[in-house]
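**Student:** Sharing a structure below in structure tokens format, with a few things to ask.
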């Protein structure tokens, strides 16, 4: 779903909005930590990431994860799920480039490092909702030394 450019989203939230966002971060982070306890080092390949990270951890449905690229060392997806961070951001009128970097990216990087220390998470902030039809992410596997 695209939103009009006239939608005024704040790139710098006020104190109340920051408190709400940090509560969201804390809740998601705690979930991520407890989820990781039983799954440490459980990802061996990029194809495992799709199942373990997107379907198990994020609990996304298969139809909500569009696969742009799935190679031996790289996965590029576009998520089109009903996203709680997007909903919160629109409710608070906060730019998702701020809220997703704070909440989602922080926790996703931590969880992926837990699953495999060689995984790298990159979000494409030029292709993120509500400015685009989905959120593009790239996860790749560094070569182990």
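**Student:** Among the residues of region 109-135, which ones are more than 18 Å from residue 55 (Cβ to Cβ), buried (at least 16 other Cβ atoms within 10 Å of the Cβ), touching a strand residue (DSSP E or B) at 6+ places or on another chain (Cβ under 7 Å) and touching a residue at least 24 places away in the same chain (Cβ under 8 Å)?
**Tutor:** 128, 129
**Student:** Quick one: count up the residues across region 106-115 that are more than 9 Å from the chain's Cα centre (by Cα) and more than 13 Å from residue 57 (Cβ to Cβ). Working first, answer last.
**Tutor:** Of the residues in region 106-115, the ones more than 9 Å from the chain's Cα centre (by Cα) are 110-115.
Going one step further and asking which of them are more than 13 Å from residue 57 (Cβ to Cβ), we end up with none.
Qualifying residue count, region 106-115: 0.
**Student:** Would you point out which residue out of 8, 26 is modelled with pLDDT under 95 and surrounded by fewer than 13 Cβ atoms within 10 Å (Cβ to Cβ)?
**Tutor:** Answer to the selection: 8.
**Student:** Using beta carbons and a limit of 7 Å, which pairs, at least six apart or on different chains, have the first residue in region 33-58 and in contact (Cβ under 8 Å) with a residue 60 or more places away in the chain and on the phi > 0 side of the Ramachandran plot and the second one buried (at least 19 other Cβ atoms within 10 Å of the Cβ) and assigned to a loop (DSSP other than H, G, I, E, B)?
**Tutor:** Going by the 7 Å Cβ cut-off, the qualifying pairs are 41/116.
**Student:** Taking region 61-88 as the region of interest, how many residues are closer than 14 Å to residue 135 by Cα, buried (at least 17 other Cβ atoms within 10 Å of the Cβ) and touching a residue at least 60 places away in the same chain (Cβ under 8 Å)?
**Tutor:** Number of matching residues: 4.
**Student:** Can I ask one more? Take residue 107 and tell me if it is modelled with pLDDT of 95 or more and within 30 Å of residue 16 (Cβ to Cβ).
**Tutor:** Yes: the conditions hold for residue 107.
**Student:** Of all residues in region 89-105 being over 11 Å from the mean Cα position of the chain (by Cα) and farther than 18 Å from residue 77 by Cα, which is surrounded by the fewest Cβ atoms within 10 Å (Cβ to Cβ)?
**Tutor:** Step by step, filter region 89-105, then rank; the result is 91.
**Student:** With the condition being over 18 Å from residue 25 (Cβ atoms) and in contact with a helix residue (DSSP H, G or I) (Cβ under 9 Å, 6 or more places away or on another chain), I'd like the helices (runs of 4 or more DSSP H) fully within region 44-145 carrying at least 1 qualifying residues.
**Tutor:** Here the list reads 46-49, 106-115.
**Student:** Given (1) at pLDDT below 95; (2) within 30 Å of residue 8 (Cα to Cα), identify the lone condition not met by residue 46.
**Tutor:** The failed condition is (2).
**Student:** Restricting the search to region 34-43, which residues are touching a helix residue (DSSP H, G or I) at 6+ places or on another chain (Cβ under 8 Å) and outside any loop (DSSP other than H, G, I, E, B)?
**Tutor:** Just the residues of region 34-43 that are touching a helix residue (DSSP H, G or I) at 6+ places or on another chain (Cβ under 8 Å), to begin with: 35-36, 39-43.
Listed by number, the residues that qualify are 35, 36.
The values are calculated or read from the model by the stated rules, or taken from the named source; none is laboratory data. Source: prediction; values computed, not measured. Positions of Cβ are generated from backbone atoms using ideal geometry, with glycine treated the same way; all protein chains shown enter the neighbour counts.
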